[in-house]
Structure formats: structure tokens, C-alpha cells
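Each remark here refers to the structure printed beneath this line.
What follows is calculated from the coordinates using simple rules that are stated; it is not laboratory data. Keep in mind it's a predicted model, so treat the numbers as computed, not measured. For neighbour counting, all protein chains shown are included, and Cβ atoms are generated from backbone atoms with ideal geometry for every residue, glycine included.
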Amino acid sequence: MTFNEINNQRNWRAPLFGYCCSGVVYTEHENPEETMYQVLHHQFVASALAVKAAHRINPEMKVGCMLAMVPLYPYSCNPDDVMFAQKSMRERYVFTDVQLRGYYPSYVLNEWERRGFNIKMEDGDLDVLREGTCDYLGFSYYMTNAVKAEGGTGDAISGFASVFSRQRTEPVC
């Protein structure tokens, strides 16, 4: 595996996660989240280059990517909760989508444009990503949680401010 639990740096508000995953303290930068994506791009390229090198050395070698997985489900059948859970999971999927598919999905590019992020890429980076896709996905499965859109921060990964523990047995809808 090229990077262990690469998605932990998504919690860029907590300096430990960014530093452990990439050696960067994102909160020291003007736009921490944009910086996180810039660093992540470099990590994706590094991963793809490592996969290409491994396959060149031994075509039978398998190289994977890995996530720390905490699936988020909607707290209720309220459409806002459902959409919030889907958006929150997309923030996790980018870490594997690029490494396994070899390109940035449109939902990521659209979000970057909407937020005014300018992720710098070198000539040839996108070719490297396409040519160096990982062979498998590994993950550490920790727990599941339910998220609720109302009162949420819009980012269920950073701080889990919108995460609720489902302790009741009766239906919520």
C-alpha cells in the first residue's frame, strides 16, 4: 500500500491528522482545505508513480491504497439528511476514486470550482494518475455513524459535529 489511511488528513482542522498523513499542518496555511487538496494531489501522483514502478519491476505485483473507513448513513429518511450523508461520503470517496479510477471525478472538480480552489497540476500528472491506478482497496473499518443535516457543519468528516449515535430502536420516520 502506498499511503496508510490517506483520508485521515480530510480532518484538516486537527493538526495531528494532516501532519501524520502528509507532514503538513494545514491550519498554518491561508486556505487550509485548498492546501490539503494540493498536498493530496501530490500524494496521488506519488502513489501512481510507485504503482507504475512496482508493475515495471514485477508485472504480477499488486499495490493497493487504503482508507480509514467510517461510513456515514442518514439519521432519518428526511431528504436533507440523505443528501448530507451522500455529500459526506463523497468527501471520503475522492481518496479512492482517484487512486483506483485514475482521474478526478466531476463531483470533486465541480466542488473545487464552486469553492474557488486552484489545485496546481504539472504537465503529465493526469497521465500518471491514469497509468498508475492501484490494484486493490484496503481499509480499516472503525465504526458507522448517522448524520443529520440540520445543525451540521457541512463537513461530517472534520470533527463529526453532525454525527449522531443512533441509540433508539423505534423508527425515526
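Table for the structure above
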read-out	value
Residues of region 95-110 satisfying the condition of being within 13 Å of the chain's Cα centre (by Cα) and free of Cβ contacts under 8 Å to residues at least 40 places away in the same chain	97, 100, 104, 105, 107, 108
Which listed residue is within 13 Å of the chain's Cα centre (by Cα), surrounded by fewer than 19 Cβ atoms within 10 Å (Cβ to Cβ) and over 20 Å from residue 139 (Cβ atoms), from 60, 33	33
Any chance residue 23 is surrounded by 16 or more Cβ atoms within 10 Å (Cβ to Cβ) and of a type in the set (Gly, Ala, Ser)	no
Only one of 67, 49, 72 that is farther than 19 Å from residue 138 by Cβ, in contact with a strand residue (DSSP E or B) (Cβ under 7 Å, 6 or more places away or on another chain) and in contact (Cβ under 8 Å) with a residue 60 or more places away in the chain	72
Residue ID - surrounded by the most Cβ atoms within 10 Å (Cβ to Cβ), chosen from residues in region 63-116 that are assigned to a loop (DSSP other than H, G, I, E, B) and among the hydroxyl-bearing types (Ser, Thr, Tyr)	75
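Residues are listed down the side, and each one gets a yes or a no for (1) among the basic types (Lys, Arg); (2) out of contact with any helix residue (DSSP H, G or I) (no Cβ under 8 Å at 6 or more places or on another chain):
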site: 73; (1), (2): no, no
site: 76; (1), (2): no, yes
site: 88; (1), (2): no, yes
site: 98; (1), (2): no, no
site: 105; (1), (2): no, no
site: 111; (1), (2): no, yes
site: 120; (1), (2): yes, no
site: 124; (1), (2): no, yes
